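Undergrad: Input: one structure, supplied below.
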Amino acid sequence: MDFCIELTSTPEKLYVGYVENVTNTPQIRQAVLDKSLDCVVIKGSLVPSPLLVGVAANKAALANSRNTMRTRSIHTEVLYNLSSSTNISQSLNNFGASEADSSLVVCSFNKDLSQAREKISGDWRPLETLADNLDIKLLKKLHKLKDCELDENLLNSLISRVAAKDSL
């Protein structure tokens, strides 16, 4: 069920999983903050495809290899890159899992998600089901999307925003 993405800018790999009906999100958030869970935990309702996470993770890994990260860790750099905003704390708050979230996208660099599977109480689902739980209103607000971008162009629009964030 884990999806492995080989990042193109560095020799790193990203493992991605999707969990619904999570019952222990506050404990998971704390474990990530304490670094006892070595992964990125993303609000599942804002990720339509693992490709979007792959683009953000690729940028984070490249920034890490060049020592040009804008945040303190590669995990928070992924959250920062997922956002259209250049405000770091706003990006982390918007895209990082909050205590009320019950669907999460979980990512880990260079190791599988077995540690996350042990700690997260919920239903691990195929990544193909990600788009079923999108919060289109929130995506539209956070990325300032136009109505014409919300149909089959949604993923393309989001990837373009993530990829070009530093250029704008």
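Throughout, read-outs are computed from the coordinates displayed, never taken from laboratory work. Owing to the predicted nature of the structure, the values given are computational and were not obtained by experimental measurement. Positions of Cβ are generated from backbone atoms using ideal geometry, with glycine treated the same way; all protein chains shown enter the neighbour counts.
Undergrad: Is it true that ASP112 is within 15 Å of the chain's Cα centre (by Cα), part of a loop (DSSP other than H, G, I, E, B), under 28 Å from ASN24 (Cβ atoms) and in contact (Cβ under 8 Å) with a residue 12 or more places away in the chain?
TA: Criteria not met by ASP112.
Undergrad: Taking into account only those residues within the stretch 47-79 that are touching a residue at least 60 places away in the same chain (Cβ under 8 Å) and in a helix (DSSP H, G or I), which is surrounded by the fewest Cβ atoms within 10 Å (Cβ to Cβ)?
TA: This residue is LEU51.
Undergrad: Tell me whether the stretch 123-133 contains one or more residues that are over 17 Å from VAL40 (Cβ atoms) and in contact with a helix residue (DSSP H, G or I) (Cβ under 6 Å, 6 or more places away or on another chain).
TA: Scanning the stretch 123-133, I find at least one residue that is over 17 Å from VAL40 (Cβ atoms) and in contact with a helix residue (DSSP H, G or I) (Cβ under 6 Å, 6 or more places away or on another chain), so the answer is yes.
Undergrad: Going through SER103, SER85, SER91 one at a time, which residue ends up being free of Cβ contacts under 8 Å to residues at least 24 places away in the same chain and in contact with a Ser or Thr (Cβ under 7 Å, 6 or more places away or on another chain)?
TA: SER91
Undergrad: Something else: Select, from ASN21, ASN81, ASN93, ASN67, the only residue that is closer than 21 Å to SER167 by Cα and out of contact with any Lys or Arg (no Cβ under 8 Å at 6 or more places or on another chain).
TA: ASN67
Undergrad: If the Cβ limit is 8 Å and pairs must be 6+ apart or interchain, which residue in the stretch 7-36 that is among the basic types (Lys, Arg) pairs with which residue that is in a strand (DSSP E or B)?
TA: LYS13/CYS4; LYS13/ILE5; LYS13/GLU6; LYS13/PHE109; ARG29/VAL41; ARG29/GLY96
Undergrad: So, one more: Taking the stretch 59-107 on its own, how many of its residues are among the aromatic types (Phe, Trp, Tyr) and over 23 Å from SER157 (Cα atoms)?
TA: 0
Residues checked against (1) surrounded by fewer than 21 Cβ atoms within 10 Å (Cβ to Cβ); (2) in a helix (DSSP H, G or I):
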| position | (1), (2) |
| --- | --- |
| THR8 | yes, no |
| LEU14 | no, no |
| ALA31 | yes, yes |
| SER36 | yes, no |
| ILE42 | no, no |
| SER45 | yes, yes |
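Undergrad: Is at least one residue of the stretch 84-91 of a type in the set (Val, Ile, Thr) and in a loop (DSSP other than H, G, I, E, B)?
TA: Yes.
Undergrad: Taking the residues in the stretch 104-129 that are among the hydroxyl-bearing types (Ser, Thr, Tyr) and closer than 20 Å to ALA57 by Cα as candidates, determine which candidate is surrounded by the most Cβ atoms within 10 Å (Cβ to Cβ).
TA: Going through the qualifying residues, I end up with SER108.
Undergrad: Which residue pairs have Cβ atoms closer than 7 Å, lie 6 or more positions apart in sequence or on different chains, and pair a first residue in the stretch 128-148 that is within 19 Å of ASP2 (Cβ to Cβ) with a second residue that is aliphatic (A, V, I, L, M)?
TA: Pairs that qualify, where the first residue is within 19 Å of ASP2 (Cβ to Cβ) and the partner is aliphatic (A, V, I, L, M), are LEU130/VAL47.
Undergrad: Quick one: which residue in ASP101, ASP151, ASP147, ASP132 is surrounded by 12 or more Cβ atoms within 10 Å (Cβ to Cβ) and either closer than 18 Å to PRO48 by Cα or more than 14 Å from the chain's Cα centre (by Cα) (or both)?
TA: ASP101
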